[in-house]
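Structure first, commentary second.
The values are calculated or read from the model by the stated rules, or taken from the named source; none is laboratory data. Keep in mind that what you see is a predicted model, and the values were worked out from it rather than measured. Here Cβ is always computed from backbone atoms with ideal geometry, including for glycine, and neighbour counts include all displayed protein chains. Accessible surface is based on the protein model in full, side chains and every heavy atom, while ligands, DNA and RNA are left aside. Shrake-Rupley method; radii C 1.70, N 1.55, O 1.52, S 1.80 Å.
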Amino acid sequence: KDPAAGGCILMWALVTAASLCGVFAQSFLFGIVFVRLSRADARASTVAFSSCAIVRAAHGALFLAFRVAEMRKRHHLLGVRARAYAFVDIGDGTECFPLPLEAPAPSGDLLLATPALIVHRLDDLSPLVPPHPSAKP
């Protein structure tokens, strides 16, 4: 006979049921905490964009620039990557073009604890620059 249960089958069933309930409760609570921490909806409202963008001339080229900042004082976002896209109306629909960025670094990594300047070079490869009148369609 087993000294812990005294040969009682009901005791083993009760211990097994209690263990399974504990595992399910821990995974349920972990899931609730994970969902709460990983929700991006609340964080998306803390990132602010400048209301105006500027086009400036520097080093013989034109650049489009705007600022991005995080409004929270604590718990700053880490591993932020900046990407910019241009949505252009083309007759029957809209087309999306990625904009290569000059700043921040070409990798796009930045820290939003302070406002960051996002810069796109306006050249012949930019979808924001209209084609030259002499260019063939």
Which percent of the accessible area of the chain is formed by carbon and sulfur heavy atoms (probe 1.4 angstrom)?
66
For residue 45, what accessible area in Å² do you get when you roll a 1.4 Å probe over the heavy atoms of the protein chains, rounding to the nearest 10?
90
Distance in nm between label sites at residue 33 and residue 117, each 7 Å beyond Cα in the beta-carbon direction?
4.3
Quick one: angle between helix 9-38 and the longest Cα principal axis of the chain, in degrees between 0 and 90, rounded to 10, please.
20
